[in-house]
Ligand SMILES: [Zn+2]
């Protein structure tokens, strides 16, 4: 146990806490800046099982703040979930880590939550967070919300039935275009490592069973303006459609679109009409005439003049070079099929 000696010396964790961490399963949803730091901190802390979910591939602009990744992984066009799992295995071989290249949706989220003790929010959009909120509250799994843009970040742990959920706090989803994103306002590395570290501290408290120590406020931090604020949350909101009325609107897919514009990427994700896995080899040869085709075990990528298509085995496509869902769907239909 020498590896964890400094953490065990910390009285609120101790040997017993360390054992609990080793028996724990943490789910990290999204392996961007927040998620990749969360994965690393959880692995280094000795969490027994880690499941990492992400739908995207590594981009050069990720390396500015996503500490887990390097240029070699970017050159290989690795999906982030695979690249993160690869690095976690190098960091701590005792961790049972799974990197899954997938888009978290109403149809699959509950499957990924099986046997999970805590969920860390590493997503970059409100839609997925509200879906996570529904699923975690429904299955009584604690989760830790976090988000960053510019030099600003927010963080809040959610203990279902005991503290307000995400829908208690944010009554309705911000309309597209009204909230700033990393696409419009950029983001600096230190805010994402600050927020993800604070999310991980809450996760450690939850995993060792010290629920009393868990933060009961919504934390706002701006590292450029030197602003720190802790907003009291009180009790869950009486008429909350999630934790009080259990309507699970996001889990039922009422708000779930079949295309998504990815944050900061000039890219649209298109979901397949069917759920049968694609034969990547066949797709690769079919795309040969249209552009430069690259293939690895996770994906096929075809760079054409104006667009680049990336196809995953689950049938999803990323269409780079557009922010228009209709154009992306048209390209999907043209090159992959309807
Ligand atoms: Zn609620």
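The values are calculated or read from the model by the stated rules, or taken from the named source; none is laboratory data. A quick note: this is a predicted structure, and the numbers were derived from the prediction, not measured. A quick note on method: Cβ atoms are made from the backbone with ideal geometry, for glycine too, and the neighbour counts reach across all protein chains shown.
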Odd one out for residue 323, checked against (1) assigned to a strand (DSSP E or B); (2) touching a residue at least 60 places away in the same chain (Cβ under 8 Å)
(1)
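What are the residues in the stretch 215-230 that are touching a helix residue (DSSP H, G or I) at 6+ places or on another chain (Cβ under 9 Å) and assigned to a strand (DSSP E or B), if any? Before the answer, list the steps.
Start the filter on the stretch 215-230 by keeping residues that are touching a helix residue (DSSP H, G or I) at 6+ places or on another chain (Cβ under 9 Å), which leaves 215, 218-219, 221-224.
Within the stretch 215-230, 218, 219, 221, 222 meet the criteria.
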Among (1) closer than 25 Å to residue 124 by Cβ; (2) touching a helix residue (DSSP H, G or I) at 6+ places or on another chain (Cβ under 7 Å); (3) at pLDDT 90 or above, which single condition is residue 301 missing?
(2)
Over the stretch 114-140, the set of residues in a loop (DSSP other than H, G, I, E, B) and surrounded by 20 or more Cβ atoms within 10 Å (Cβ to Cβ) is 122, 123, 124
Within the stretch 26-65, considering residues that are free of Cβ contacts under 8 Å to residues at least 60 places away in the same chain and out of contact with any strand residue (DSSP E or B) (no Cβ under 7 Å at 6 or more places or on another chain), the one farthest from residue 123 (Cα to Cα):
46
Just a yes or no: is a residue in the stretch 171-178 within 16 Å of the ligand (Cβ to nearest atom), at pLDDT below 95, under 20 Å from residue 135 (Cβ atoms) and under 20 Å from the mean Cα position of the chain (by Cα)?
yes
Looking at the stretch 157-177, I want the residues that are over 11 Å from residue 242 (Cβ atoms) and assigned to a loop (DSSP other than H, G, I, E, B) and have a partner that is modelled with pLDDT under 95 and near the ligand (Cβ under 10 Å from one of its atoms) with Cβ atoms under 6 Å, at least 6 apart or on another chain. Which pairs are those?
none
Just to be sure I understand the filter: pairs with C-beta atoms under 9 Å, separated by 6 or more residues or on different chains, first member in the stretch 232-243 and without any contact (Cβ under 8 Å) to a residue 24 or more places away in the chain, second member within 10 Å of the ligand (Cβ to nearest atom). Which pairs pass?
238/244; 239/245
Do you know which of the residues in the stretch 236-264 that are at pLDDT 80 or above and more than 30 Å from residue 217 (Cβ to Cβ) is nearest to the ligand (Cβ to nearest atom)?
252
